[in-house]
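Worksheet: the structure to be examined is printed underneath.
The values are calculated or read from the model by the stated rules, or taken from the named source; none is laboratory data. Predicted model, so just to flag it, every value in this text is computed and none were measured. With ideal geometry, Cβ positions are generated from the backbone for all residues, glycine too; neighbour counts draw on all protein chains shown.
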Amino acid sequence: MSKIPLDLNTVKNCITNSGLKDVGSASIREINRLVLNIEKETKIKYIRMEFGIPGLEPPQIEIEAEIAALNRKVGSVYPPFDGLPGLKKEISRFIKSFLNIEVDQYHCFPTVGSMQGGYMAMMMTARRDENRSKMLFIDPGFPAHKQQAKALGLDYEHFDVYNFRGDKLREKVEPYFQKGDIAAVIYSNPNNPSWICFTDKELQIIGELCTKYDVIAVEDLAYFGMDFRQDYSKPGEAPFIPSIANFTDNYILMISGSKSFSLAGQRISMTAISNNLFNSKSKTLIPYFETDQFGNAYIFGAMYAMCSGVTHSVQCGLQAILKATNNGEYDFCVPIREYATRAKVMKKLFTENGFKLVYDFDEDQPLADGFYFTVAFPGFSGNELVGELIYYGISAISLSITGSEKIEGIRACVSMTGSDRFDDLEIRLRKFQEDHQNGERIID
């Protein structure tokens, strides 16, 4: 085990060279780049918790399907930019199999990750009604979504949902909708970064309000099926994964391939637009997309303007894995349950060494073990804690950059910390606790 804390001068020089004024308020990518540089200089491997990327290999079914597609020379042919017909069919089947929701296959298409899916969803919902162009983010949330809104020139509102669970959610959300300028409400479920999961009651509240005030729900299902308190692995069988689609026709679903199928590097996700919304019309769309039909504007206006489609072979790969999953030949939940196993151990290591969980309950239920959890250490803000842990070979992000009001906390991602690193993590956390029992700081 290398000396912990790390050499102070080396780490400080890396921070100075990074140009970061405050490590704790840095973005995910900025922390990622800083840690890579420190690892290069110190030759010490960090416990990497800042970046939400899969720590598992892609399914072999997907790999073989991509190889076969490339051997068929699809690399020289543009794919249908709204999705291969077979892929659109399997996306529709997948949504029926695991959400029990009917969406026409024509209204389903792949995007270059949910990043592109989210960007298009905001672009489209903000141009559907000339009086509605503002986003409402239910926080804490994925910081990049707000960056996308800024890039599109869109105003937004946001609030931390922790104190507004259950029936309180209606009282919090409705005043925003009543103003008449909210185009879409955006949230992830399970939530990044807190890992809270909305209950059916809460989704019903949001759905009813979306219908009442004609607001679009943009549901980010990046961690599809990863609330492991329930077994969502059986296609076509209850329990089905909770979704806003059960409670309103005003929805856009984004289902990432990055986490549930470990395809982050292949940049593919799925978007599904409700049949009602897809076929709806608005003259406000015409100046931007030359059509008043929402779905056609989405595909032939927004999507076609941004790219010529997801890589051909990747579409073939996703089609194969979805078909196997829909047919019950592949259980996508088996490998990703590893994240729950890691989270259970890592939470224990943190709490045994002086840390406290920040987001800890879904109403009256303890949070699930999953891809993320949140912790705090007495006497530190989240920003300070991120900056201090850097010297102990542990990287994370502050909750302050996610819209959370719990600024004492940090987000820990479990994906890159396998069981072979648990001993390292325990030693570093124990040393951190020893060095900070009386409020001392490594950083001046």
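With PHE109, PHE81, PHE159, PHE164 as the choices, which residue is surrounded by fewer than 23 Cβ atoms within 10 Å (Cβ to Cβ) and either under 29 Å from LYS281 (Cα atoms) or not assigned by TED's automatic domain parsing to the domain that holds MET226 (or both)? Talk me through it step by step, then tell me what you get.
Details: PHE109 fails: surrounded by fewer than 23 Cβ atoms within 10 Å (Cβ to Cβ); PHE159 fails: either under 29 Å from LYS281 (Cα atoms) or not assigned by TED's automatic domain parsing to the domain that holds MET226 (or both); PHE164 fails: either under 29 Å from LYS281 (Cα atoms) or not assigned by TED's automatic domain parsing to the domain that holds MET226 (or both).
Of the residues listed, the single one that is surrounded by fewer than 23 Cβ atoms within 10 Å (Cβ to Cβ) and either under 29 Å from LYS281 (Cα atoms) or not assigned by TED's automatic domain parsing to the domain that holds MET226 (or both) is PHE81.
Would you list the strands (runs of 3 or more DSSP E) that sit entirely within region 196-304 and hold 2 or more residues that are in contact (Cβ under 8 Å) with a residue 60 or more places away in the chain, touching a Cys at 6+ places or on another chain (Cβ under 8 Å) and buried (at least 16 other Cβ atoms within 10 Å of the Cβ)?
Ranges flagged: 269-273.
So GLU39 ticks every box in (1) surrounded by 19 or more Cβ atoms within 10 Å (Cβ to Cβ); (2) among the acidic types (Asp, Glu); (3) not assigned by TED's automatic domain parsing to the domain that holds GLY265 but one. Which box is left unticked?
Going through (1) surrounded by 19 or more Cβ atoms within 10 Å (Cβ to Cβ); (2) among the acidic types (Asp, Glu); (3) not assigned by TED's automatic domain parsing to the domain that holds GLY265 one by one, GLU39 breaks only (1).
With respect to the numbered conditions (1) surrounded by fewer than 16 Cβ atoms within 10 Å (Cβ to Cβ); (2) free of Cβ contacts under 8 Å to residues at least 24 places away in the same chain, which one is the sole condition not fulfilled by LYS45?
Going through (1) surrounded by fewer than 16 Cβ atoms within 10 Å (Cβ to Cβ); (2) free of Cβ contacts under 8 Å to residues at least 24 places away in the same chain one by one, LYS45 breaks only (2).
Residue-wise test of (1) polar (S, T, N, Q); (2) more than 21 Å from the chain's Cα centre (by Cα); (3) modelled with pLDDT under 95.
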| position | (1), (2), (3) |
| --- | --- |
| PHE98 | no, no, no |
| ASP104 | no, yes, no |
| HIS107 | no, yes, no |
| SER114 | yes, no, yes |
| GLU130 | no, yes, yes |
| MET135 | no, no, no |
| ILE138 | no, no, no |
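Residue-wise test of (1) closer than 25 Å to TYR223 by Cα; (2) in a loop (DSSP other than H, G, I, E, B).
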residue	(1), (2)
TYR119	yes, no
MET123	yes, no
ARG127	no, yes
MET135	yes, no
GLY141	yes, yes
LYS146	yes, no
PHE177	no, no
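Any chance you could count how many residues in region 406-421 are surrounded by 15 or more Cβ atoms within 10 Å (Cβ to Cβ) and out of contact with any Leu (no Cβ under 7 Å at 6 or more places or on another chain)?
Residues flagged as surrounded by 15 or more Cβ atoms within 10 Å (Cβ to Cβ) and out of contact with any Leu (no Cβ under 7 Å at 6 or more places or on another chain) within region 406-421 amount to 7.
With the requirement that a residue be buried (at least 18 other Cβ atoms within 10 Å of the Cβ) and of a type in the set (D, E, K, R), what does region 84-105 give you? Walk me through it before giving the result.
Filtering region 84-105 down to residues buried (at least 18 other Cβ atoms within 10 Å of the Cβ) leaves 84, 87-95, 97-99, 101, 103, 105.
Passing the criteria: LYS88, LYS89, GLU90, ARG93.
Which residue pairs have Cβ atoms under 6 Å apart, sit 6 or more places apart or on different chains, and have a first residue in region 58-80 that is of a type in the set (Phe, Trp, Tyr) and a second that is surrounded by fewer than 18 Cβ atoms within 10 Å (Cβ to Cβ)?
Here the result reads TYR78/SER308, each pair linking region 58-80 to a residue that is surrounded by fewer than 18 Cβ atoms within 10 Å (Cβ to Cβ).
Looking at ALA368 and the list (1) part of a helix (DSSP H, G or I); (2) at pLDDT below 95; (3) closer than 26 Å to LEU56 by Cβ, which single condition is not satisfied?
ALA368 satisfies every listed condition except (1).
Residue by residue, here is whether (1) in a helix (DSSP H, G or I); (2) aliphatic (A, V, I, L, M); (3) touching a His at 6+ places or on another chain (Cβ under 7 Å); (4) modelled with pLDDT of 95 or more holds:
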position	(1), (2), (3), (4)
VAL11	yes, yes, no, no
THR16	yes, no, no, no
LEU20	no, yes, no, no
GLU30	yes, no, no, no
ILE38	yes, yes, no, yes
ILE61	yes, yes, no, yes
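Considering only region 386-426, state which residues are farther than 18 Å from ILE38 by Cβ and assigned to a helix (DSSP H, G or I).
LEU399, SER400, ILE401, THR402, SER419, ASP420, PHE422, ASP423, GLU426 - these are the residues of region 386-426 that are farther than 18 Å from ILE38 by Cβ and assigned to a helix (DSSP H, G or I).
Could you figure out which of (1) aliphatic (A, V, I, L, M); (2) part of a strand (DSSP E or B); (3) within 19 Å of the chain's Cα centre (by Cα); (4) under 27 Å from GLN293 (Cβ atoms) isn't true of ALA183?
Exception for ALA183: condition (3).
Would you say TYR106 is under 25 Å from GLU202 (Cα atoms), touching a residue at least 12 places away in the same chain (Cβ under 8 Å) and part of a helix (DSSP H, G or I)? Steps first, please.
Details: under 25 Å from GLU202 (Cα atoms): no; touching a residue at least 12 places away in the same chain (Cβ under 8 Å): yes; part of a helix (DSSP H, G or I): yes.
So TYR106 does not fit the description; no.
Could you tell me how many of the residues in region 340-381 are more than 24 Å from the chain's Cα centre (by Cα) and on the phi > 0 side of the Ramachandran plot?
Count: 2.
With respect to VAL103, is the statement that it is among the aliphatic types (A, V, I, L, M), in contact with a Leu (Cβ under 7 Å, 6 or more places away or on another chain) and closer than 17 Å to ILE216 by Cβ true? Write out each step before concluding.
On the way: among the aliphatic types (A, V, I, L, M): yes; in contact with a Leu (Cβ under 7 Å, 6 or more places away or on another chain): no; closer than 17 Å to ILE216 by Cβ: yes.
Answer is no for this residue.
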